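Asker: I'd like to ask you about the structure that follows.
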Amino acid sequence: MFTFSGLQGGDTIWRLAKTGGRWSIQGEIKQNPGSGPRHAIVSDDMIFTLHEKDNTLTVQKIPPLGSSNDSSILSSASILPEDQPFSPAKFAAAELLFPRVSSYSNFTQPYLYASNRNIGPALDARGDTIAIFTFDSNGTLKLVKHVFTGLVNIRGMQFGGPDDRYLVASGMTQYGGVVVFERTEGGANLVEVARNTQIPNLGTFVWL
């Protein structure tokens with residue numbers, strides 16, 4: 001049994017194992033220097049990591065615990081739209097989500113959703129984007145689409161509803177409020193269905 005813990009700014013993903021009711025470090029999965037791993041998701045034998053400092057999404061194979069097998073990066077992709085950054089502006093990746101896939105739903109293909117944070121001072125009138133990626137069995141990432149949200153500095157977003165059909169997101173500024181998107185095209189796109197600009201800025205959401 002093992003889990004992963006990303007240490008922001010430490011460029012390391014520590015591997016933890018539980019023995020006798022206690023957790024201890026049992027190795028690490030190295031990351032690119034200065035990349036700032038922020039959030040990670042495990043799918044089968046691959047780990048997908050969103051890096052706050054260099055605004056990238058990476059894929060690595062997970063070696064067996066206690067082995068020295070290579071965990072080099074299989075694929076890396078920028079989460080920023082091609083026409084960014086705006087000058088002067090600084091960006092910082094934030095949230096990474098991997099909603100459920102089911103052959104009994106409208107969402108049969110896996111997609112990853114990564115949020116950008118424009119922390120200024122120059123802002124895009126279209127707001128920050130949510131970058132949608134897919135990947136193949138070799139771990140190769142493919143950018144599907146950037147969805148402009150009208151939000152600035154997106155931190156909190158979460159899927160919910162039947163089959164994780166809906167995504168709620170908010171920026172950490174006074175711009176944009178809270179937005180609900182619906183997954184369409186099998187998950188390859190997000191379409192806005194509701195927006196409330198009066199709700200205070202939120203960093204976390206829980207679907208009930």
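Just so you know, all these numbers are worked out from the coordinates, no wet-lab data involved. Since this is a predicted model, take the numbers as computed values, not measurements.
Asker: Quote the relative contact order of the chain in percent (integer), defining contacts as alpha-carbon pairs under 8 Å separated by 6+ residues.
Answerer: On the way: 535 pairs, mean separation 24.6, N = 208.
Once normalised by length, the contact order is 12 percent.
Asker: Along each of the three principal axes of the Cα atoms of the chain, give the extent in whole Å, ordering the values from largest to smallest.
Answerer: 50, 45, 34
Asker: Enter the mean projected area of the convex hull around the alpha-carbon atoms of region 103-175, in nm², rounded to one decimal.
Answerer: Result: a mean projected hull area of 5.9 nm².
Asker: Compute the Rg/Rh shape ratio of region 129-208: radius of gyration over Kirkwood radius, all on alpha-carbon atoms.
Answerer: Details: Rg = 13.3 Å, Rh = 13.3 Å.
With Rg and the Kirkwood Rh in hand, the quotient comes to 1.00.
Asker: Same structure, new question: GNM, the chain, Cα, under 10 Å: largest mean-square fluctuation among S78, S102, S170?
Answerer: Fluctuation is largest for S102.
Asker: Using a Gaussian network model on the chain with a 10 Å cutoff between Cα atoms, which of E182, E82, E192 fluctuates the most?
Answerer: E82
Asker: Rounded to the nearest Å, what's the spacing between the alpha carbon centres of region 108-142 and region 153-208? Just the number, please.
Answerer: Taking the Cα centre of each part, region 108-142 and region 153-208 sit 14 Å apart.
Asker: Right, something else. Cut-off 10 angstrom, C-alpha nodes, Gaussian network model of the chain. Which of N116, N189, N138 fluctuates the most?
Answerer: Sorting by GNM fluctuation, first place goes to N138.
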